[in-house]
Every structure is written in structure tokens, then in C-alpha cells.
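Chemist: Provided herewith is a single structure, encoded as C-alpha cells, for subsequent inquiry.
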Amino acid sequence: MDKNPKVSVVIPTYNSAQFIVETLESVFAQTYKDYEVIVVDDGSTDNTKEVLKPYMSRIRYIYKENGGPASARNEGIKNARGEYIAFLDSDDLWLPEKLEKQVEYFEQYPDVVLVSTDRIRLVGNRLIRGRKKCKRVSNDAFINLWWCNSIVNSSVMVRRFCFDKVGVFDESEEIISAEDLEMWLRIAREHKVGYIDQALTIYRVHKDGISRSNVNRVYKATRVVITKYMKDIIEREQNFRKLITERFFKYYLDYGISLFYAADFPSAHKQFSEARRYKKFNIKASFYYLITSLDERSVKKLRHFRKSFCTIWSQLKL
């Protein structure tokens with residue numbers, strides 16, 4: 001009987017036929033070889049299964065009815081045989097040493113149950129380095145994660161036993177698009193988490209990712225999650241009132257800016273108004289609040305001017 005692999009690679013997929021082969025090849029190119037690959041097809045209606053046929057001998061393919069990314073990851077967890085579980089979205093990529101570095105990290109730090117890595121963004125065919133900028137507000141990893149989610153799904157590796165202790169991903173409809181943040185918070189609340197300051201994951205940014213519906217779904221779900229864990233912030237942070245005020249100001253400001261770039265100016269205006277409830281005299285929030293109070297044509301002109309100015313400025317700096 002074959003021994004269990006050390007690592008289970010869980011790849012949830014839904015209509016990602018155009019990307020998943022490249023994703024799989026990045027797994028097969030890993031320097032660390034003691035792994036299994038579980039592809040959970042979450043009810044794809046494209047030709048995902050067909051493009052996977054040449055790889056069926058190298059993967060465990062599981063088809064299920066569509067239930068969302070949380071349910072697909074949970075199906076992968078249920079079928080995983082490895083001591084460690086590594087998650088990889090079906091359009092993202094890994095650099096060759098990713099698994100090797102994370103297994104070494106776990107062996108070096110046995111009290112850590114989750115380790116993530118830095119990432120490179122892939123926008124079209126352009127690779128952009130540099131991690132997501134998240135302000136450090138505490139020495140507590142849980143509080144920092146509640147403040148700003150800097151963890152990319154495809155960079156995460158977790159000790160399998162952790163899910164027996166904290167449970168699996170929440171499949172509730174109200175937190176779809178923030179189920180990852182909810183899970184990382186649940187883990188960080190009880191356990192130590194680690195980070196490898198090396199870009200080992202490539203995160204694909206889609207051009208349609210800034211649509212109004214996507215923005216609203218992500219931010220509404222995020223608000224549910226950060227509200228859910230407020231009681232833990234109160235218990236863990238002495239100066240919790242200031243931190244909560246700052247967090248909700250940041251939430252509404254970020255929400256408004258995202259809607260602004262999705263060209264939903266009236267909705268953006270409402271979010272900037274909410275942000276100013278928490279910090280009335282903040283220059284950035286007030287500026288966007290005033291801009292989005294103008295008619296749509298004027299706002300688009302200002303956006304175009306800002307874009308042109310930024311382009312000229314970046315060229316002058318070269």
C-alpha cells in the first residue's frame with residue numbers, strides 16, 4: 001500500500017479551462033516532490049474536464065455540483081491525505097521552490113500551523129513585484145490580519161490537523177468572497193501563523209475584477225467578517241475603541257475608492273460619506289467625497305486628468 005504524501009495540493013476550479021493547465025504545470029515543476037494533487041471541479045460548464053484528461057493519471061479529479069469556492073476547498077480538505085494542505089486557485093501559479101520552502105519552514109517552526117508567502121501579481125502578461133501594503137498595528141498576528149488581509153489564498157499551506165480543531169471553510173452565502181479571510185482569522189485567533197518573505201506565488205489579476213458587482217460582493221462579505229471578530233479585538237486590544245474606529249474608516253474609504261475605479265460614483269459617494277462619519281476632517285476621504293458629488297461627466301474628466309498626470313510624473317522620475 002502506498003504511503004500517504006506529505007503535502008496535499010488542493011485546487012478548486014470553476015470554468016478555468018484556459019488557465020488550469022498552466023497552474024498544474026507550475027505544481028509539477030516543484031522541487032519538492034512528495035505531494036498529491038486534488039482538483040475539485042465545482043460544477044464547471046466549460047471544457048475544464050476535457051483539458052484535464054491528459055493529467056488524470058497525475059491528479060485526483062473530483063467533480064461536484066456548484067457550491068462556491070468554500071465548498072470546493074472543503075471537498076479537497078475532506079479527501080486530502082497529506083500532513084500539510086496547500087491551496088492553489090486554478091488561475092494562479094507557483095514558483096518552483098514554493099512547497100520546498102514551506103515544508104522546511106514547518107519543520108523549523110513546529111508550533112506554527114499556517115505559513116503564507118509573498119506574491120507577484122500577474123496583470124495580463126506583466127509581472128508586478130511587491131507585497132500588499134498592510135499597516136502593522138499590533139504585535140498580535142490576529143489583530144494585524146483583522147486590520148488588513150495580506151494573505152493570498154494560493155500562498156497558504158496549513159497543517160492538516162488544524163482543520164480538525166477550528167473547522168473547515170464557512171460556506172455561508174453572506175461571506176462568499178471573504179471566506180478565506182474568515183478562515184485565516186479563525187486560525188490566527190487560536191494558533192501561530194508564519195510568513196516567508198519571498199515571492200513564491202504568482203497571483204493573477206483579472207481585468208474584470210473591478211466590476212461593481214464584484215466590489216460590492218467582496219466588501220459586504222468583508223464587513224460581515226470584520227464585525228464577527230470585533231469581540232475578539234475588544235478582548236485582545238487595550239486601545240480597542242481607537243482601533244475599531246480606524247478599521248471602519250479604512251473599510252469605507254477603501255470601499256469607496258474601489259467603487260470609484262469601477263465608475264460607480266453615486267455609490268462611492270455614499271461610502272465616502274460613511275468614512276467621514278469616523279474621520280470627518282480626513283483630507284483623502286473629504287477630497288473623494290467632494291469629487292463624487294459632481295456629475296458623472298466631470299468626475300470622468302478628473303479621473304482622466306489624474307491618470308495623465310500620474311503617467312507624466314512617472315516618466316519624469318525615470
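Chemist: Give me the pairs: first residue in the range 183-197 and over 16 Å from ILE85 (Cα atoms) and without any contact (Cβ under 8 Å) to a residue 40 or more places away in the chain, second residue part of a helix (DSSP H, G or I) and not hydrophobic (A, V, I, L, M, F, W, C), beta-carbon distance under 8 Å, and six or more apart or on different chains, which are they?
Modeler: GLU190/LYS165
Chemist: Restricting to the range 85-103, count the residues that are over 20 Å from TYR203 (Cα atoms) and surrounded by 22 or more Cβ atoms within 10 Å (Cβ to Cβ).
Modeler: Counting residues in the range 85-103 that are over 20 Å from TYR203 (Cα atoms) and surrounded by 22 or more Cβ atoms within 10 Å (Cβ to Cβ) gives 0.
Chemist: Considering the range 167-208 alone, what residues qualify as being of a type in the set (A, V, I, L, M, F, W, C), more than 16 Å from GLY67 (Cβ to Cβ) and more than 13 Å from the chain's Cα centre (by Cα)?
Modeler: ILE187, ALA188, VAL193, ILE196, ALA199, LEU200
Chemist: Checking GLY76 against (1) at pLDDT 95 or above; (2) over 26 Å from ILE196 (Cβ atoms), which single condition isn't satisfied?
Modeler: Failing condition for GLY76: (2).
Chemist: Filtering the range 28-66 down to residues that are under 18 Å from MET157 (Cβ atoms) and of a type in the set (Asp, Glu), which residue is surrounded by the fewest Cβ atoms within 10 Å (Cβ to Cβ)?
Modeler: Only one residue fits best here, namely ASP34.
Chemist: Among the residues of the range 222-246, which ones are surrounded by 20 or more Cβ atoms within 10 Å (Cβ to Cβ) and either of a type in the set (Asp, Glu) or within 20 Å of LYS270 (Cβ to Cβ) (or both)?
Modeler: Hit for the range 222-246 is ILE226, nothing else.
Chemist: If a residue has to be within 20 Å of ASN4 (Cα to Cα), in a loop (DSSP other than H, G, I, E, B) and touching a residue at least 24 places away in the same chain (Cβ under 8 Å) to count, how many in the range 30-53 make the cut?
Modeler: Total meeting the criteria: 4.
Chemist: Given the conditions (1) modelled with pLDDT of 95 or more; (2) under 25 Å from GLN18 (Cβ atoms), report the number of the one that ARG159 does not fulfil.
Modeler: Tallying (1) modelled with pLDDT of 95 or more; (2) under 25 Å from GLN18 (Cβ atoms), ARG159 fails exactly one: (2).
Chemist: Can you go through ASN144, ASN149 and tell me which one is among the polar types (S, T, N, Q) and assigned to a helix (DSSP H, G or I)?
Modeler: Of ASN144, ASN149, the one residue that is among the polar types (S, T, N, Q) and assigned to a helix (DSSP H, G or I) is ASN144.
Chemist: Can I ask one more? Hey, could you check the range 135-176 for residues that are of a type in the set (Phe, Trp, Tyr) and surrounded by 18 or more Cβ atoms within 10 Å (Cβ to Cβ) and say which is farthest from ARG241 (Cα to Cα)?
Modeler: PHE163
Chemist: Let me ask something else about it. Please specify each residue of the range 223-240 satisfying the condition of being closer than 16 Å to ALA188 by Cβ and not basic (Lys, Arg).
Modeler: VAL225, ILE226, TYR229, MET230, ASP232, ILE233, GLU235, GLU237
Chemist: When you check GLU179 against the structure, is it touching a Pro at 6+ places or on another chain (Cβ under 9 Å) and either exposed (fewer than 13 other Cβ atoms within 10 Å of the Cβ) or not hydrophobic (A, V, I, L, M, F, W, C) (or both), yes or no?
Modeler: Spelling it out, GLU179 is indeed touching a Pro at 6+ places or on another chain (Cβ under 9 Å) and either exposed (fewer than 13 other Cβ atoms within 10 Å of the Cβ) or not hydrophobic (A, V, I, L, M, F, W, C) (or both).
Chemist: Please determine, by comparing only the residues of the range 67-83 that are surrounded by fewer than 22 Cβ atoms within 10 Å (Cβ to Cβ) and outside any helix (DSSP H, G or I), which one is nearest to the chain's Cα centre (by Cα).
Modeler: Per the stated criteria, the residue is GLY68.
Chemist: Select from the range 259-283 the residues that are surrounded by fewer than 20 Cβ atoms within 10 Å (Cβ to Cβ), assigned to a helix (DSSP H, G or I) and touching a helix residue (DSSP H, G or I) at 6+ places or on another chain (Cβ under 7 Å) and list them in ascending order.
Modeler: TYR261, SER267, SER273, GLU274, ARG276, TYR278
Chemist: Here's another thing I want to ask about it. Select from the range 7-21 the residues that are touching a Ser or Thr at 6+ places or on another chain (Cβ under 9 Å) and assigned to a strand (DSSP E or B) and list them in ascending order.
Modeler: ILE11, PRO12, THR13
Chemist: Just one of (1) under 18 Å from VAL156 (Cβ atoms); (2) buried (at least 17 other Cβ atoms within 10 Å of the Cβ) trips up TYR14, so point out which.
Modeler: (1)
The values are calculated or read from the model by the stated rules, or taken from the named source; none is laboratory data. Everything quoted here is computed from the prediction, not taken from an experiment. Quick reminder, even Gly has a Cβ in these numbers, built from the backbone with ideal geometry, and neighbours come from all protein chains shown.
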